[in-house]
There are 2 protein chains.
Amino acid sequence: MLYLIGLGLSHETDITVRGLETVRKCKRVYLEAYTSILMAADVLSLEKFYGKEVILADRELVETGADQILEGADKYDVAFLVVGDVFGATTHTDLVLRAKELGIAYESIHNASVMNAVGACGLQLYQFGQTVSLVFFTDSWKPDSFYSKVLENRKIGLHTLLLLDIKVKEQSIENMARGRLIYEPPRYMDIATASQQLLEIEEKRKENAYTPDTPCVAVSRLGSPTQTFKAASLKDLASYDAGEPLHSLIMLGRQVHDLELDYLCQFVDDKTAFKNLVVADQEWFKPPAWVPPEDESLSD
Amino acid sequence: MLYLIGLGLSHETDITVRGLETVRKCKRVYLEAYTSILMAADVLSLEKFYGKEVILADRELVETGADQILEGADKYDVAFLVVGDVFGATTHTDLVLRAKELGIAYESIHNASVMNAVGACGLQLYQFGQTVSLVFFTDSWKPDSFYSKVLENRKIGLHTLLLLDIKVKEQSIENMARGRLIYEPPRYMDIATASQQLLEIEEKRKENAYTPDTPCVAVSRLGSPTQTFKAASLKDLASYDAGEPLHSLIMLGRQVHDLELDYLCQFVDDKTAFKNLVVADQEWFKPPAWVPPEDESLSD
């Protein structure tokens with residue numbers, strides 16, 4: 001049996017009881033280690049907690065070594081651990097499809113991911129549109145496909161969750177060219193960088209998807225002991241020191257409910273100023289005012 | 001301290017290890033028992049598993065009895081358990097705000113909810129638009145505010161997760177009028193009812209938000225041992241026997257990735273027929289074809 005098990009967001013103890021019982025009975029345990037990290041745990045602390053060896057699965061192994069991961073899983077149990085939930089921002093459907101081809105049964109044991117835990121900031125999950133990803137810009141590569149998606153969400157009044165780039169085990173272009181397996185230190189995009197990139201693309205595209213005054217929420221270390229939210233304008237967040245990773249960013253849509261706003265006010269510097277930002281931002285993409293139909297009986 | 005703890009979707013062992021450790025040290029443990037249910041556990045099995053009394057918190061207690069729940073939480077620990085995640089489809093931000101007013105610290109311990117675990121059907125979470133709720137129609141009350149939201153999502157190519165009505169501890173109109181605290185048996189909307197209601201509203205509104213042939217996914221007992229997915233047209237799901245609750249429904253958007261389609265094909269009766277449905281449905285809301293700008297040098 002192949003077990004896909006979500007680890008949650010931060011601590012080794014964020015695994016579910018059922019997940020832990022399953023890991024402990026598995027013959028081999030893989031940890032998908034390139035799309036996210038557990039903020040308050042590492043491989044050593046996981047191994048100690050599980051009482052088991054944990055095999056790090058990098059992108060190469062997951063994308064090309066499915067058969068290696070699945071080896072023997074028709075006879076005994078193999079666990080594949082994923083930070084957050086199993087089918088979160090990165091899906092591992094390929095591995096499951098390969099298991100099915102080989103006649104290997106599978107089961108998922110779910111957990112929290114940023115996609116649902118982000119509700120902790122007080123914004124209602126069903127008011128979010130599509131989630132977008134923001135990657136690190138370089139001098140020559142500034143992908144802005146996120147911009148149209150934010151615009152689509154904002155046009156219909158919805159909030160947008162922006163997942164920020166995580167670079168783990170990346171090679172420099174020089175090392176890649178020379179075939180040297182030397183990896184750069186991990187990089188995690190922070191709130192200031194994300195906000196600056198957003199402002200840079202609005203400056204370039206000028207389609208008014210948002211403005212420097214659009215209200216946003218910085219989500220830092222969600223689910224960890226040092227979880228922090230900060231609600232402010234995009235412009236202010238461009239110089240915000242968010243501290244240690246991981247971070248995500250939410251851009252508000254026009255449809256902000258009073259209860260959402262009350263809750264967010266816990267995380268602002270100046271409540272009145274923030275409420276004013278929200279009210280001003282609601283002018284964007286506002287539907288036209290309703291005009292009553294002319295009463296024909298009066299027009300005679 | 002007030003702990004808000006997500007229980008996950010199905011088994012008592014779906015609580016996280018950290019959640020369980022926390023419940024066990026709390027002086028009082030409340031279970032929010034009106035917005036969802038654990039599919040493979042009940043209050044008795046939870047009490048046995050925790051070694052603790054569990055107090056059922058109905059809507060009345062949660063909405064008007066916050067101070068009762070929070071009593072003493074400045075001196076000792078109180079747990080408030082929520083099926084799924086803490087801030088999932090229903091948010092408990094009111095309780096947190098009241099705790100803050102009373103100077104009581106709080107902490108959330110997250111878990112899976114339908115909002116992220118639904119990724120298990122193979123559709124990518126970041127391709128979903130806003131989530132909508134579908135309530136039971138009566139002869140005189142057929143709320144259709146979901147329709148415009150589905151239309152908004154479909155216009156920009158996104159999938160829609162539809163959460164289906166759960167009625168727990170509801171009074172009949174007669175019993176309510178007579179002030180009798182007699183409650184109806186719980187009701188959980190099934191896939192066929194949801195699909196019929198969707199078809200009824202399209203028939204009435206005629207804005208072509210979707211058609212009887214629009215491809216959908218029935219999600220049944222997500223995260224439980226009998227979890228089942230069924231992908232078919234809306235029309236076919238209107239007569240689908242989905243079995244025991246709980247159920248959710250997904251309506252696909254135009255943007256279906258090949259990997260998503262390959263995965264969904266595990267859950268169809270006829271792969272070719274389903275692929276044809278998806279291709280046909282992609283004609284709706286298709287952006288206009290790109291027309292190359294006229295070359296002025298040739299127009300002379």
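The values are calculated or read from the model by the stated rules, or taken from the named source; none is laboratory data. Being a predicted model, the structure only gives us computed values, none of them experimental. Here Cβ is always computed from backbone atoms with ideal geometry, including for glycine, and neighbour counts include all displayed protein chains.
Quick rundown of the values:
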{"quantity": "Residue that is among the β-branched types (Val, Ile, Thr) and without any contact (Cβ under 8 Å) to a residue 24 or more places away in the chain, where the choices are B:Ile191, B:Ile182", "calculated": "B:Ile182"}
{"quantity": "Test for B:Glu63: is it surrounded by fewer than 23 Cβ atoms within 10 Å (Cβ to Cβ), of a type in the set (Asp, Glu), at pLDDT below 90 and within 30 Å of B:Ser248 (Cα to Cα)", "calculated": "yes"}
{"quantity": "Residue satisfying condition, being modelled with pLDDT under 95 and either within 27 Å of A:Pro185 (Cβ to Cβ) or under 17 Å from the mean Cα position of the chain (by Cα) (or both), within set A:Thr131, A:Thr138", "calculated": "A:Thr138"}
{"quantity": "Members of the range B:160-179 found to be touching a residue at least 24 places away in the same chain (Cβ under 8 Å) and either at negative phi or more than 26 Å from the chain's Cα centre (by Cα) (or both), listed by number", "calculated": "B:Thr160, B:Leu161, B:Leu162, B:Leu163, B:Leu164, B:Asp165, B:Ile166, B:Lys167, B:Val168"}
{"quantity": "In the range A:106-135, the residues that are more than 7 Å from chain B (Cβ to nearest Cβ) and assigned to a helix (DSSP H, G or I)", "calculated": "A:Val114, A:Val118, A:Cys121"}
{"quantity": "Condition check for A:Leu222: over 21 Å from the mean Cα position of the chain (by Cα), among the aliphatic types (A, V, I, L, M) and within 14 Å of another protein chain (Cβ to nearest Cβ)", "calculated": "no"}
{"quantity": "Helices (runs of 4 or more DSSP H) lying entirely in the range B:31-104 (those with 2 or more residues that are more than 30 Å from B:Leu161 (Cα to Cα) and within 12 Å of chain A (Cβ to nearest Cβ))", "calculated": "B:43-50, B:93-101"}
{"quantity": "Single residue of B:Lys155, B:Lys167 found to be farther than 22 Å from A:Gln130 by Cβ and outside the structural domain of B:Val78 (by the TED database)", "calculated": "B:Lys167"}
{"quantity": "Selection status of B:Arg154, within 25 Å of A:Leu163 (Cβ to Cβ) and more than 11 Å from chain A (Cβ to nearest Cβ)", "calculated": "yes"}
{"quantity": "Residue count for the range B:115-130, restricted to those that are surrounded by fewer than 23 Cβ atoms within 10 Å (Cβ to Cβ) and either in contact (Cβ under 8 Å) with a residue 60 or more places away in the chain or β-branched (Val, Ile, Thr) (or both)", "calculated": "2"}
{"quantity": "Identity of the residue in the range A:262-291, polar (S, T, N, Q) and free of Cβ contacts under 8 Å to residues at least 60 places away in the same chain, that ends up surrounded by the most Cβ atoms within 10 Å (Cβ to Cβ)", "calculated": "A:Gln282"}
{"quantity": "In the range A:136-150, the residues that are surrounded by 18 or more Cβ atoms within 10 Å (Cβ to Cβ) and more than 9 Å from chain B (Cβ to nearest Cβ)", "calculated": "A:Phe136, A:Phe146, A:Tyr147, A:Val150"}
{"quantity": "Of all residues making up the range A:166-208, the number that are more than 20 Å from A:Asp58 (Cα to Cα), out of contact with any strand residue (DSSP E or B) (no Cβ under 9 Å at 6 or more places or on another chain) and not in a helix (DSSP H, G or I)", "calculated": "4"}
{"quantity": "Cross-chain or 6+ apart pairs with Cβ under 8 Å, the range B:1-22 first and in the same structural domain as B:Asp94 (by the TED database) and in a helix (DSSP H, G or I), then buried (at least 24 other Cβ atoms within 10 Å of the Cβ) and among the charged types (D, E, K, R)", "calculated": "B:Val17/A:Asp14; B:Arg18/A:Asp14"}
{"quantity": "Selection count, the range B:241-300, where residues are among the hydroxyl-bearing types (Ser, Thr, Tyr) and out of contact with any helix residue (DSSP H, G or I) (no Cβ under 9 Å at 6 or more places or on another chain)", "calculated": "3"}
{"quantity": "Test result for A:Phe146, more than 30 Å from B:Gly6 (Cβ to Cβ) and at pLDDT 95 or above", "calculated": "no"}
{"quantity": "Residue in the range A:241-260 that is over 25 Å from A:Tyr147 (Cα atoms) and free of Cβ contacts under 8 Å to residues at least 12 places away in the same chain present", "calculated": "yes"}
{"quantity": "Test result for B:Val83, buried (at least 22 other Cβ atoms within 10 Å of the Cβ), within 30 Å of B:Arg187 (Cβ to Cβ) and either outside the structural domain of B:Glu170 (by the TED database) or in contact (Cβ under 8 Å) with a residue 24 or more places away in the chain (or both)", "calculated": "yes"}
{"quantity": "B:Asp213 being in a loop (DSSP other than H, G, I, E, B), assigned by the TED database to the domain that holds B:Ile156, free of Cβ contacts under 8 Å to residues at least 60 places away in the same chain and not aliphatic (A, V, I, L, M)", "calculated": "no"}
